[in-house]
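Heads up: the structure comes next, in structure tokens.
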């Protein structure tokens, strides 16, 4: 991911029992659910629109995930309160990258990354997706300008 720090959004999450394995530790795939949700919230904050409104306004089919990964440094357990800070770290013509930092008691517990594609309708088949240019005003917003 690029070094540039762009638009950021933070949220607080309390770990629920359903996030955990039988030992009460967050099941690792759940973090990717947290990150997906956090990206949706980041886009909502950046556009000022709920996801359905963003899709309608920009004639999008979605912002599909094309790459992801994570480093797991400290376990999170049932009842923990964590902060997820999601930051746009790279913006291309039709894709953007997000870094997610899950902090527990102020310490980094999980660091995740995603690359998303701004996907509009394919001109030959409106049911299919095709990468589309990210609108200029969102490029600037994502870059933190």
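Determine which single condition residue 45 fails, assuming it passes every other condition in (1) assigned to a helix (DSSP H, G or I); (2) more than 29 Å from residue 125 (Cα to Cα); (3) free of Cβ contacts under 8 Å to residues at least 24 places away in the same chain.
Unmet condition: (3).
Of the conditions (1) at negative phi; (2) surrounded by fewer than 15 Cβ atoms within 10 Å (Cβ to Cβ); (3) at pLDDT 95 or above, residue 79 satisfies every one except a single condition; which number is it?
The one condition residue 79 does not meet is (1).
So, in region 1-18, how many residues would count as being in contact with a strand residue (DSSP E or B) (Cβ under 6 Å, 6 or more places away or on another chain), at pLDDT 95 or above and surrounded by fewer than 15 Cβ atoms within 10 Å (Cβ to Cβ)?
Qualifying residue count, region 1-18: 2.
Is it true that residue 102 is at pLDDT below 95, in contact with a helix residue (DSSP H, G or I) (Cβ under 9 Å, 6 or more places away or on another chain) and in a strand (DSSP E or B)?
No: the conditions fail for residue 102.
Checking the structure you have, find out if any residue of region 117-128 is within 29 Å of residue 12 (Cβ to Cβ), touching a residue at least 60 places away in the same chain (Cβ under 8 Å) and not in a loop (DSSP other than H, G, I, E, B).
no
Given the conditions (1) buried (at least 16 other Cβ atoms within 10 Å of the Cβ); (2) in contact with a strand residue (DSSP E or B) (Cβ under 7 Å, 6 or more places away or on another chain), which single one is not true for residue 138?
(2)
Being surrounded by 16 or more Cβ atoms within 10 Å (Cβ to Cβ), touching a residue at least 24 places away in the same chain (Cβ under 8 Å), more than 19 Å from residue 133 (Cα to Cα) and in contact with a helix residue (DSSP H, G or I) (Cβ under 9 Å, 6 or more places away or on another chain): is that true of residue 38 here?
no
Just need a number here: residues in region 75-98 that are closer than 21 Å to residue 136 by Cα, assigned to a strand (DSSP E or B) and out of contact with any helix residue (DSSP H, G or I) (no Cβ under 7 Å at 6 or more places or on another chain).
5
Which number in (1) over 15 Å from the mean Cα position of the chain (by Cα); (2) within 29 Å of residue 134 (Cα to Cα); (3) outside any strand (DSSP E or B); (4) in contact (Cβ under 8 Å) with a residue 12 or more places away in the chain marks the one condition that residue 71 misses?
(3)
Tally time: how many residues in region 56-67 are without any contact (Cβ under 8 Å) to a residue 60 or more places away in the chain and either surrounded by 16 or more Cβ atoms within 10 Å (Cβ to Cβ) or part of a loop (DSSP other than H, G, I, E, B) (or both)?
1
The values are calculated or read from the model by the stated rules, or taken from the named source; none is laboratory data. Because the structure is a prediction, the values reported are computed rather than measured. Cβ atoms come from the backbone with ideal geometry, glycine included; neighbour counts cover every protein chain shown.
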